[in-house]
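A.B. asks: There's a structure below that I have some questions on.
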Amino acid sequence: MKTLKLFGCALFAASFLSFTPLNKKIIVIDAGHGGDDFGAQHSGFTEKEIVMNIAREIKSHNSNDSEYEIVLTRDSDTNSPLSIRTEIINSMNPVAVISLHVNSSPKPESDKQGPEIYTQSSEGSKKLAKIISKNLGECRIEEKNLHILRESNSPAVLVELGFINSTKDRKYLTSAEGQKDVAAKFEKIFSEL
């Protein structure tokens, strides 16, 4: 089964690369978790579903005449190992990698809210984080040694879009309006890259 998953990932990368227009820059959106990895959970909502919905919305907001091609590391409820994800990402040589997540704090109902951004040590990653922070609303930016950041050759950030156990964040991130708003903000972010 593992070999089949690895083959599927390699096949996806090869087929995608053969159809990407040469004049478009690639931006990878990595919807965190998936499959049997639910991520953070609260009130019947799961991180994997929230970020998948937002990733799809971001991709659908990208117009055909855009100079960017948005690539999702997953577009269904699947989970591939981080090593496979970063191998595929590196084979595409994107201009940016944005891994989407939803945070959780230890308290059942959090007073913490809002996005947080984690970066690589690279200047490109820090610049990307500043652009995202400006458009999502000023948020904490911190360098972290996480696999997707450490192993991606391109500028990469991990964006915690909000706290799943914050009533305000959860309502926003799970609503159709909130997800469309986040996607519109990312469209603006891409225009500044």
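The values are calculated or read from the model by the stated rules, or taken from the named source; none is laboratory data. Note that the coordinates shown come from a computational prediction; the quantities given were computed from them, not determined experimentally. When we count neighbours, we look across all protein chains shown, and the Cβ atoms used for this are built from the backbone with ideal geometry, even at glycine. For accessibility, only protein heavy atoms count, side chains too; no ligands or nucleic acids. Shrake-Rupley method; radii C 1.70, N 1.55, O 1.52, S 1.80 Å.
A.B. asks: Would you check if there is a residue in region 4-13 being touching a helix residue (DSSP H, G or I) at 6+ places or on another chain (Cβ under 6 Å), in a helix (DSSP H, G or I) and modelled with pLDDT of 95 or more?
C.D. replies: no
A.B. asks: Just checking: which of the strands (runs of 3 or more DSSP E) contained wholly in region 88-193 hold 2 or more residues that are hydroxyl-bearing (Ser, Thr, Tyr) and either crowded, with 23+ Cβ neighbours inside 10 Å or at pLDDT 95 or above (or both)?
C.D. replies: In region 88-193, the matching strands (runs of 3 or more DSSP E) lie at 116-119.
A.B. asks: From (1) over 16 Å from the mean Cα position of the chain (by Cα); (2) touching a residue at least 40 places away in the same chain (Cβ under 8 Å), pick out the condition that doesn't hold for GLU123.
C.D. replies: Going through the list (1) over 16 Å from the mean Cα position of the chain (by Cα); (2) touching a residue at least 40 places away in the same chain (Cβ under 8 Å), GLU123 breaks only (2).
A.B. asks: I would also like to ask the following. Considering each residue of region 24-38, count those that are touching a residue at least 24 places away in the same chain (Cβ under 8 Å) and surrounded by fewer than 19 Cβ atoms within 10 Å (Cβ to Cβ), and give that number.
C.D. replies: Going through region 24-38 one residue at a time, the tally reaches 5.
A.B. asks: So the check is Cβ under 9 Å with 6+ separation or different chains; which pairs have a first residue in region 54-75 that's more than 18 Å from GLU192 (Cβ to Cβ) and a second one that's of a type in the set (Ser, Thr, Tyr)?
C.D. replies: Short answer, once both residue conditions are applied: ALA55/THR73; VAL71/THR20; THR73/SER80; THR73/SER99; ARG74/SER80.
A.B. asks: Determine whether ARG85 is more than 14 Å from the chain's Cα centre (by Cα), buried (at least 16 other Cβ atoms within 10 Å of the Cβ) and in a helix (DSSP H, G or I).
C.D. replies: Working: more than 14 Å from the chain's Cα centre (by Cα): no; buried (at least 16 other Cβ atoms within 10 Å of the Cβ): yes; in a helix (DSSP H, G or I): yes.
For ARG85, the condition - more than 14 Å from the chain's Cα centre (by Cα), buried (at least 16 other Cβ atoms within 10 Å of the Cβ) and in a helix (DSSP H, G or I) - is not met.
A.B. asks: Same structure, new question: Quick check on my filter: what residues within region 136-167 are within 19 Å of GLY39 (Cβ to Cβ) and among the charged types (D, E, K, R)?
C.D. replies: LYS144, GLU160
A.B. asks: Same structure again: Could you check, for region 39-59, whether at least one of its residues is at pLDDT below 95, within 15 Å of ASP77 (Cα to Cα) and open to solvent by 60 Å² or more (accessible area, probe 1.4 Å)?
C.D. replies: no
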